[in-house]
1. Test of understanding: in a Gaussian network model of the chain with alpha carbons linked when under 10 Å, which of Lys138, Lys109, Lys153 would top the mean-square fluctuation ranking?
2. Rounded to whole Å and sorted largest first, what semi-axes of the equivalent ellipsoid does the C-alpha gyration tensor of the stretch 1-159 yield via the square root of 5 times each eigenvalue?
3. Give the total of Lys-Lys pairs in the chain with Cα-Cα distances below 30 Å; include a pair only if its members are 8 or more places apart or on different chains.
4. Specify whether the C-alpha gyration tensor of the stretch 308-359 places it in the rounded, prolate or oblate class, a ≥ b ≥ c being the square roots of the eigenvalues: rounded for a/c under 1.5, otherwise prolate if a/b is larger than b/c and oblate if not.
5. Give the Debye-formula value of log10 I(q)/I(0) at each listed q (0.18, 0.21 Å⁻¹), with one equal scatterer per alpha carbon of the stretch 1-69, two decimals each.
6. Please give the charge dipole size of the chain, origin at the Cα centre, charges +1 on K and R Cβ atoms and -1 on D and E Cβ atoms. Round to the nearest 20 debye.
7. In whole percent, and with a 1.4 Å probe on the protein chains, what portion of the accessible area of the chain is carbon and sulfur?
8. Give, in nm to one decimal, the length gained when the segment between Glu112 and Asp224 is fully stretched (0.36 nm per residue of separation minus the Cα-Cα distance).
Amino acid sequence: MFEAGEALRHEFADLEAQMSSPDLHTDASRSRKVGRRYAQLAPIIAALDEQERLDGDLAAANELAGEDPAFADEAAAIAQRLDAVNEHLTALLAPRDPNDACDAIMEIKSGEGGEESALFAGDLFEMYKRFAESRGWKTEVLDSEQTDLGGYKGVTVAFRAGSNTPADQAPYGVLKFEGGVHRVQRVPVTEAQGRIHTSAAGVLVMPDVEPDEVEINDDDLRIDVYRSTGKGGQGVNTTDSAVRITHLPTGMVVTCQDQRSQLQNKEQAMRILRARLAAQAEQEALEAASAARRSQVRTVDRSERIRTYNFPENRIADHRIGYKAYNLDQVLGGDLTAVIDALQAADLAERLRTAAETV
């Protein structure tokens, strides 16, 4: 760990030197990358400094304990703090997803269950918006298609970290565990007999990457424009402002119609396409990894059933890690911290185990 720590210190010092150079800020792309890496390393360097300080304090206390028994108690207290710092540092140094410090784009789509599924998709959207507010993140709806009852056939939303968000609490690193099938069990508002129905909505979480981080050839795109549908207003439904982009090599199709102009819709659609391509590349990397890594809790597609929301029992259950709690009302109100903490802990344990096996 000493050699790794020294290498990180040298890298951090180099990043500090780059950030103090006026030349860096003339290149927006390079400036973002340097700033992101600096933010990732800052807590690691702080933990290394604390570890070094406590190591020195512990050595001094142990030396003095032979002359004064009072220092033995101090040494025990220092050792306890050092154990906590070492545990924290081990977590920080564990192999991690390079996109963890990114902002996030989330797509929520209704699935089985018709109108009830669309209403549930709307509930999930509100849940994540409230969770984002509690974290000080900003949200931006990139595209949406509502139903007559106020649900969503689909909604795409971007989550952007706040100015005080730590690098290890960035939106993608936190929300990436939410990808998959979310199932709801409740009596729908459309049910006249009071019977409990089961329906589902799919969630896809992607890193919100910069334009220069994903290479897209213009010749690989087919761009169509058409008239927007929906509630309209401000000329949205009176011009051919909606945009459909097809990425020919992969067959991915992205549509965007919420913005007022064709140019704005094209920019948002390209943003979503970049995120989808980044998520696809990440999924392919996971599939190429070892069986142990493929079994981790996170997913980037909508094919896996990950969670059930049972209204009659006020219960939420995450099937990947066996998590269960009876505070569904609070979770839907945006209090996702406990379940996300549990998922992050499970993922960290697996990453540490995998790293240990490869040593």
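The values are calculated or read from the model by the stated rules, or taken from the named source; none is laboratory data. Keep in mind that this is a model prediction, so the values were computed, not measured. For neighbour counting, all protein chains shown are included, and Cβ atoms are generated from backbone atoms with ideal geometry for every residue, glycine included. With ligands, DNA and RNA removed, areas are computed over all heavy atoms of the protein, side chains included. Shrake-Rupley method; radii C 1.70, N 1.55, O 1.52, S 1.80 Å.
1. Result for the chain, Cα springs under 10 Å: Lys138 fluctuates most.
2. Calculated on Cα positions only, the semi-axes equal 47, 25, 11 Å.
3. Lysine pairs meeting the criterion: 29.
4. Details: a/c = 5.40, a/b = 2.74, b/c = 1.97.
Cα axes put the stretch 308-359 in the prolate bin.
5. -0.74, -0.87
6. Working: 40 positive and 61 negative charges, 375 e Å.
For this selection, approximately 1800 debye.
7. Working: 8820 of 18090 Å².
C and S fraction of accessible area: 49 percent.
8. Numbers: separation 112, 0.36 × 112 = 40.32 nm, distance 2.91 nm.
Full extension from Glu112 to Asp224 adds 37.4 nm.
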